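Visitor: Shown below is the structure under consideration.
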Amino acid sequence: MSTATTGRAREWKVRDHLTTHGWRQVMRAAGSKGSADLLMVHAIHGPALIQVGGTHKTLGPAERARLIADADDCGALALLATPIPRHGITYWQITNGTPRTWPRWNP
C-alpha cells in the first residue's frame with residue numbers, strides 16, 4: 001500500500017468517525033500541501049481544521065503555527081487526529097504549547 005493510499009485511508013477513518021458524531025465534511029485536501037487534511041463542520045462546535053497522522057505524527061513549530069493561524073483566521077478548532085488500529089482515534093487540540101501540553105479532545 002502506498003503512502004498516499006495509507007494517508008487517505010486514515011483521513012476517511014477520521015471523517016467517518018466524526019460524521020457519526022454529527023460533523024459534516026466540507027473539504028479534504030488531497031496530497032495535503034496546506035496546513036490541514038480535513039475541514040469539518042458541526043452545528044454546535046463550528047468548524048475544525050484537522051491534521052491527520054499516524055501514531056508517530058509530529059508537527060514541527062512552523063507546522064503548528066501555520067495550523068493554529070489558519071484555524072484562528074476561520075474561527076475553527078485546530079486538531080490533530082491519530083487513528084490507531086484496533087484502538088480507535090485519539091484527538092488532540094493543537095495549542096501554542098508543546099505537544100505534551102495539548103489537551104485531548106472528544107467529538
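Visitor: Looking only at segment 79-103, which residues are closer than 20 Å to T19 by Cβ and not β-branched (V, I, T)?
Guide: Taking segment 79-103 and keeping what is closer than 20 Å to T19 by Cβ, we get 79-85, 87-93.
Passing the criteria: L79, L80, A81, P83, P85, H87, G88, Y91, W92, Q93.
Visitor: Shifting gears a bit: Inspect segment 20-37 for any residue being hydroxyl-bearing (S, T, Y) and at pLDDT 90 or above and give the result as yes or no. Working first, answer last.
Guide: Step one: of segment 20-37, the residues hydroxyl-bearing (S, T, Y) are 20, 32, 35.
Narrowing further to those that are at pLDDT 90 or above: 20.
Yes, segment 20-37 contains a residue that is hydroxyl-bearing (S, T, Y) and at pLDDT 90 or above.
Visitor: Still on this structure, please answer the following. Just to be sure I understand, how many residues within segment 57-107 are out of contact with any strand residue (DSSP E or B) (no Cβ under 9 Å at 6 or more places or on another chain) and closer than 19 Å to I44 by Cα?
Guide: The number of residues fulfilling the criteria is 1.
Visitor: Taking the options A71, A78, name whichever one is under 12 Å from the mean Cα position of the chain (by Cα) and part of a strand (DSSP E or B). Let's see the steps before the verdict.
Guide: Values: A71 fails: part of a strand (DSSP E or B).
After applying the criteria, what remains is A78.
Visitor: Counting just the residues of segment 82-107 that are in contact with a Leu (Cβ under 9 Å, 6 or more places away or on another chain), in a loop (DSSP other than H, G, I, E, B) and farther than 13 Å from V14 by Cβ, which one comes out modelled with the lowest pLDDT?
Guide: The extreme case among them is W102.
Visitor: Still on this model: Could you please tell me which pairs satisfy a Cβ distance under 8 Å, a separation of 6+ or placement on different chains, a first residue in segment 63-78 that is under 16 Å from K33 (Cβ atoms), and a second residue that is modelled with pLDDT under 95 and surrounded by fewer than 17 Cβ atoms within 10 Å (Cβ to Cβ)?
Guide: D70/G34
The values are calculated or read from the model by the stated rules, or taken from the named source; none is laboratory data. Since we're looking at a predicted model, the values are computed, not measured. Every residue, glycine as well, gets a Cβ built from its backbone with ideal geometry; the counts of neighbours run over all protein chains shown.
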